[in-house]
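The values are calculated or read from the model by the stated rules, or taken from the named source; none is laboratory data. Since the structure is predicted, the reported quantities are computational estimates derived from the model, not experimental observations. In this analysis, Cβ positions are derived from the backbone assuming ideal geometry, glycine residues included, and neighbour counts consider all displayed protein chains. Note: areas computed on protein heavy atoms with side chains; ligands, DNA, RNA excluded. Shrake-Rupley method; radii C 1.70, N 1.55, O 1.52, S 1.80 Å.
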Amino acid sequence: MRLFNRKIHKSVAEDNVVEVTEVDGVRQMHLGSKTVQSGMLVKSPLVLVFNYSRAIMYFLLFSEQTKNVLTIGLGGASVTKYIHAYCPEIKQKVVEINPQVIEVARSHFFLPENDARIEVIKADGIVYMEEHPLSHDCLIIDGFDADGIPEGFCTPDFFDKCFNVLQDNGLFLINLWGSDKNFDIYLQRIEQTFSNRVLVLPTGKPGNIIVFGFKDPLKLTEKKVRERALKLKQDHIIDFTEFLDKLHEQNGYQKLYSLLESA
């Protein structure tokens, strides 16, 4: 039986359109197109439905010291909600330029109100990073609009701003489309900014690719990474061993660990 999306909300302001649909128990956000920007299981709102959202949480695998996360782009708040629920030691700042997205994330995707551990603000993410250098130890870029990556994202200057907003030993990650014709260009720019301390994690074909950039080298070994993955798996509703083989396959076993251990 073919399932059709049921539209349950539409918000229009100036040229911005935010729609919410549901199909087979999954609620989805769209920004003026059929492209799904975010998804949520209505009966289990904290479950990360899509591979890419689970892969984003791999920042926990690479750092045990993360205390404050800056996210540019809210969407349906899947990762934001998950961090708030399962990482009580982490404070979050989320910057979203579209006030409709914030409103719909709260009204239809169970985004919690601001509290001591989460603050969602309406602002331009690029401007925010310019005004807050050395302010966070993890930066997540997950910003899309109806046409894809917003104008001004993925330029060399943008990635330099990402680098500068991070504290020492900071971790950067960005959600990109693997099918984007400019993907290799973006990756080269990230490698230049982060001195080639970069890993890529495909999450499906031709789907999203999470790119990690490390401001400083990390002291990790294969044993430590696997031990960390198993420990996280016990404390979370994510299998943190799910993408380890993909990390090896995409980056090369030797590169992965020599990169993290080298100065």
Checklist entry - Of Leu41, Leu31, which residue is open to solvent by 10 Å² or more (accessible area, probe 1.4 Å) and in contact with a helix residue (DSSP H, G or I) (Cβ under 9 Å, 6 or more places away or on another chain)? => result Leu31
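Look at region 84-119 and say how many of its residues are under 28 Å from Arg6 (Cα atoms) and among the small types (Gly, Ala, Ser). Give the derivation first.
Keep residues of region 84-119 that are under 28 Å from Arg6 (Cα atoms), which gives 96-113.
From the residues that got through so far, the ones that are among the small types (Gly, Ala, Ser) too are 105, 107.
So the answer is 2.
Would you list the strands (runs of 3 or more DSSP E) that sit entirely within region 78-183 and hold 3 or more residues that are under 27 Å from Val12 (Cα atoms)?
Numbers: elements: 91-96, 118-122, 136-141, 166-177.
The qualifying strands (runs of 3 or more DSSP E) are 91-96, 118-122, 166-177.
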Checklist entry - Across region 141-155, what is the total count of residues that are buried (at least 21 other Cβ atoms within 10 Å of the Cβ) and at pLDDT below 80? => result 0
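I need a count of the residues in region 206-220 that are more than 18 Å from the chain's Cα centre (by Cα) and surrounded by fewer than 17 Cβ atoms within 10 Å (Cβ to Cβ).
Taking region 206-220 and keeping what is more than 18 Å from the chain's Cα centre (by Cα), we get 216-220.
Filter once more, so that each one left must be surrounded by fewer than 17 Cβ atoms within 10 Å (Cβ to Cβ): 216-217, 219.
So the answer is 3.
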Checklist entry - Across region 164-176, what is the number of residues that are open to solvent by 50 Å² or more (accessible area, probe 1.4 Å) and in contact with a strand residue (DSSP E or B) (Cβ under 9 Å, 6 or more places away or on another chain)? => result 3
Checklist entry - Of everything in region 22-77 that's part of a strand (DSSP E or B), touching a Lys or Arg at 6+ places or on another chain (Cβ under 9 Å) and among the aliphatic types (A, V, I, L, M), which residue is farthest from Pro99 (Cα to Cα)? => result Val23
Next on the checklist: Checking the conditions here, which among Glu249, Glu222 is farther than 20 Å from Cys138 by Cα and touching a Phe, Trp or Tyr at 6+ places or on another chain (Cβ under 6 Å)?
Outcome noted: Glu222
Item to check | Condition broken by Lys67, with the remaining ones in (1) within 27 Å of Val225 (Cα to Cα); (2) buried (at least 24 other Cβ atoms within 10 Å of the Cβ); (3) not small (Gly, Ala, Ser) satisfied | outcome: (2)
Checklist entry - Looking at (1) open to solvent by 40 Å² or more (accessible area, probe 1.4 Å); (2) among the polar types (S, T, N, Q); (3) out of contact with any Gly (no Cβ under 9 Å at 6 or more places or on another chain), which is the only condition Ser179 fails? => result (3)
Item to check | Filtered residue count, region 184-208, keeping only those that are farther than 22 Å from Gln167 by Cα, of a type in the set (D, E, K, R) and part of a loop (DSSP other than H, G, I, E, B) | outcome: 1
